[in-house]
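Novice: Encoded as C-alpha cells, here's the structure I'll be asking about.
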Amino acid sequence: DTAVSQTPKYLVTQMGNDKSIKCEQNLGHDTMYWYKQDSKKFLKIMFSYNNKELIINETVPNRFSPKSPDKAHLNLHINSLELGDSAVYFCASSQLNTAEQFFGPGTRLTVL
Amino acid sequence: ILNVEQSPQSLHVQEGDSTNFTCSFPSSNFYALHWYRWETAKSPEALFVMTLNGDEKKKGRISATLNTKEGYSYLYIKGSQPEDSATYLCALNTGFQKLVFGTGTRLLVSP
C-alpha cells in the first residue's frame, strides 16, 4: 500500500483554469504538508496542517487554497492558474514535530 | 532568509569509493536536521533525523554526524555503489514543522 499518494501524477491545463491536486496518507500521521519544487529544483514549503488546522502558510498567492477534510487528506486547490505555477508539487506527512516526513510521488503541473 | 547550504553541488565517484558531503546552517536556528535521499523520478526518502549536538546516525553504509554549535552536518557513504546514485538533501527544521531544504548534493556512482 502506498503511504502517501497524490493524484493526478501529471496535470496539463490552460492558463486561467482552476484545478485541484489530492493527497492522502494512510500512515495515521497528524501533520500534512504541501511543497513546491521550483525551477532551481529547490523544495519549498507552502502549507502545513496539523489535525486539520493550518499551521504554516508561507508567502503563497491566495489563489492557492489547501483543504483538509480530515487528517488523512490534504488537497490543494489552485484558482486562475498562471504560467509560473508550473512545477512539481509534493505532499508529505509526519507524526511529530521533529520526525521524518514521508513524501508522496509528486504531481507535475504544466500550465500552458 | 535562512540559508541551508550543501556542498559539493555534485559529485562523481567510482564504485567502491567512500565519499562525504556537507550541510551548513545557521547554528542559532535549530530544532532538528534531516537528511533525505532523492532518486530521479521518485520522492524524497528520509535517511536520518538528528537533534543533539554530537549525534551520529548510521544506516548500512551511510552515516551522518551533527555539530550544532558550529552549524554543520556531514553525510558519509562508505564503499559507494551505483544504487547510491541520487540527490542527497539536508533540511533544517526551524520549528512549527517547517523544513527548509538545501539545494542538495547530486551523487553519481559509476560501476
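Novice: For A:Ser80 and A:Lys67 in the same chain, what is the full-extension length gain: residue separation times 0.36 nm, less their Cα-Cα distance, in nm?
Specialist: Roughly 3.0 nm would be gained on extension.
Novice: Quick check for me: using +1 on Lys/Arg Cβ and -1 on Asp/Glu Cβ, what's the dipole size of chain A about its Cα centre, in debye to the nearest 20?
Specialist: 280
Novice: Please give the charge dipole size of chain B, origin at the Cα centre, charges +1 on K and R Cβ atoms and -1 on D and E Cβ atoms. Round to the nearest 20 debye.
Specialist: The dipole of chain B has a size of about 220 debye.
Novice: Taking beta carbons within 10 Å but only from partner chains, what does the mean come to for residues A:99-108?
Specialist: For peptide A:99-108, the averaged partner shielding equals 5.
Novice: Still on this model: Relative contact order of the range B:1-51: what whole-number percent is it, with Cα pairs under 8 angstrom and at least 6 residues apart?
Specialist: With pairs under 8 Å counted, the relative contact order is 29 percent.
Novice: Compute the label zone of A:Ala3 within the range A:89-112: residues whose backbone N is under 11 Å from the point 7 Å along Cα-to-Cβ.
Specialist: A:93-95, A:100-104
Novice: Shape of the protein assembly as shown from its Cα gyration tensor (a ≥ b ≥ c, root eigenvalues): rounded if a/c is under 1.5, otherwise prolate when a/b > b/c, or oblate?
Specialist: Verdict is prolate for the protein assembly as shown.
Novice: Positive end of the dipole of chain B, charges at C-beta (+1 Lys, Arg; -1 Asp, Glu), about the Cα centre: which of B:Asn93, B:Gln14, B:Trp35 has its Cα farthest in that direction?
Specialist: Toward the positive end, the furthest listed residue is B:Asn93.
Novice: Looking at chain A as a GNM with Cα springs under 10 Å, which of A:Met32, A:Met15, A:Met46 has the largest mean-square fluctuation?
Specialist: A:Met15
Novice: Hey, another quick one. Run the simple label-point estimate for A:Thr59 and B:Ser18 please: 7 Å along Cα→C-beta, distance reported in nm.
Specialist: 4.4
Novice: Sorted from fewest to most neighbouring beta carbons within 10 Å, what does the list B:Tyr76, A:Tyr49, A:Tyr33 look like?
Specialist: With the fewest neighbours first, B:Tyr76, A:Tyr49, A:Tyr33 line up as B:Tyr76, A:Tyr49, A:Tyr33.
Novice: For A:Lys71, go through the lysines and keep the ones whose alpha-carbon is under 17 Å away, minus same-chain ones fewer than eight residues off.
Specialist: A:Lys22, A:Lys52
Novice: Just to confirm my numbers, what's the Cα centroid distance between the range B:1-77 and the range A:43-72 in Å?
Specialist: Cα centroid to Cα centroid, the span is 27 Å.
Novice: Then there's this: Out of B:Val4, A:Met46, A:Gln95, whose Cα points farthest toward the positive end of the dipole of the protein assembly as shown (charges: +1 Lys, Arg; -1 Asp, Glu; placed on Cβ)?
Specialist: Farthest towards the positive end: A:Met46.
Novice: When only C-alpha pairs under 8 Å and at least 6 residues apart count, what is the relative contact order of chain A, in percent?
Specialist: Rounded, it is 37 percent for chain A.
Novice: In peptide A:43-49, how many Cβ atoms from other protein chains are near each Cβ within 10 Å, on average?
Specialist: The per-residue average across the peptide is 4.
Novice: Quick check on chain A: take the gyration tensor over C-alpha atoms, sort the square-rooted eigenvalues as a ≥ b ≥ c, and tell me if it's rounded (a/c under 1.5), prolate or oblate.
Specialist: prolate
Novice: What does the charge dipole of the range A:46-112 about its Cα centre add up to, to the nearest 20 debye, if the Cβ of each Lys and Arg holds +1 and the Cβ of each Asp and Glu holds -1?
Specialist: With Lys and Arg at +1 and Asp and Glu at -1, about 140 debye.
Novice: A further question follows. Provide a whole-number value for the mean count of partner chain Cβ atoms within 10 Å of the Cβ atoms in peptide B:93-104.
Specialist: So the per-residue partner count for this stretch is 6.
Novice: Give the lysines whose C-alpha is closer than 25 Å to that of B:Lys58, dropping any in the same chain fewer than 8 places away, or say none.
Specialist: B:Lys42, B:Lys69, B:Lys78, B:Lys98
Each value in this text was obtained by applying a stated rule to the coordinates, not by laboratory testing. Since the structure is predicted, the reported quantities are computational estimates derived from the model, not experimental observations. A quick note on method: Cβ atoms are made from the backbone with ideal geometry, for glycine too, and the neighbour counts reach across all protein chains shown.
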